[in-house]
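Peer 1: Before we start, here is the structure in question, set down as structure tokens.
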Amino acid sequence: MAKAKPQPKAKSGPKPDAAVEPVAELLQASGAYGQAQPVSELPFERAFEQLAELVAELEQGDLPLEESLARFERGQALAARCSELLESAELKLKQLSQEQGGGFIETDFEPESDE
């Protein structure tokens, strides 16, 4: 009869194939921004305010790596949102002006002075 081979002891700790938590879950788990509103739904002022807060937190340099990365990634998304909203506002500030030949050209909007 063959002897049964001893089974190796199970190692404690995370399994090598364990999934890494997504950044959004890390932010919520750390309590950062509580129930964070999706970046795509934020108005410019709130997105800019959150971005400024994140920059200040990251500049302090005392956050754990995972939280720093989570805040950095949210900051990237907030910066993109602010840029998107500014570009949209800029497009709204264009006007069509009639050329001498009868066609139209797009020009920057300049409000009429009240003088």
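The values are calculated or read from the model by the stated rules, or taken from the named source; none is laboratory data. None of these values were measured; they are calculated from a predicted model. Every residue, glycine among them, receives a Cβ derived from its backbone with ideal geometry; neighbour counts consider all protein chains shown.
Peer 1: Scanning for something surrounded by 15 or more Cβ atoms within 10 Å (Cβ to Cβ) and either outside any helix (DSSP H, G or I) or modelled with pLDDT under 95 (or both), does the range 5-15 turn up at least one residue?
Peer 2: First, pick out the residues of the range 5-15 that are surrounded by 15 or more Cβ atoms within 10 Å (Cβ to Cβ): none.
Taking every residue of the range 5-15 in turn, none turns out to be surrounded by 15 or more Cβ atoms within 10 Å (Cβ to Cβ) and either outside any helix (DSSP H, G or I) or modelled with pLDDT under 95 (or both).
Peer 1: Say whether the condition of being surrounded by 15 or more Cβ atoms within 10 Å (Cβ to Cβ) and in contact with a Pro (Cβ under 9 Å, 6 or more places away or on another chain) is met by at least one residue in the range 53-66.
Peer 2: Checked the range 53-66: no residue is surrounded by 15 or more Cβ atoms within 10 Å (Cβ to Cβ) and in contact with a Pro (Cβ under 9 Å, 6 or more places away or on another chain).
Peer 1: Spot the failing condition for Ala19; the list is (1) part of a loop (DSSP other than H, G, I, E, B); (2) at pLDDT below 50; (3) surrounded by 10 or more Cβ atoms within 10 Å (Cβ to Cβ), and only one is missed.
Peer 2: In the conditions (1) part of a loop (DSSP other than H, G, I, E, B); (2) at pLDDT below 50; (3) surrounded by 10 or more Cβ atoms within 10 Å (Cβ to Cβ), Ala19 misses (3) alone.
Peer 1: Check whether at least one residue in the range 65-75 is assigned to a loop (DSSP other than H, G, I, E, B), modelled with pLDDT of 50 or more and more than 30 Å from Phe109 (Cα to Cα), and report yes or no.
Peer 2: Looking through the range 65-75, none of the residues is assigned to a loop (DSSP other than H, G, I, E, B), modelled with pLDDT of 50 or more and more than 30 Å from Phe109 (Cα to Cα).
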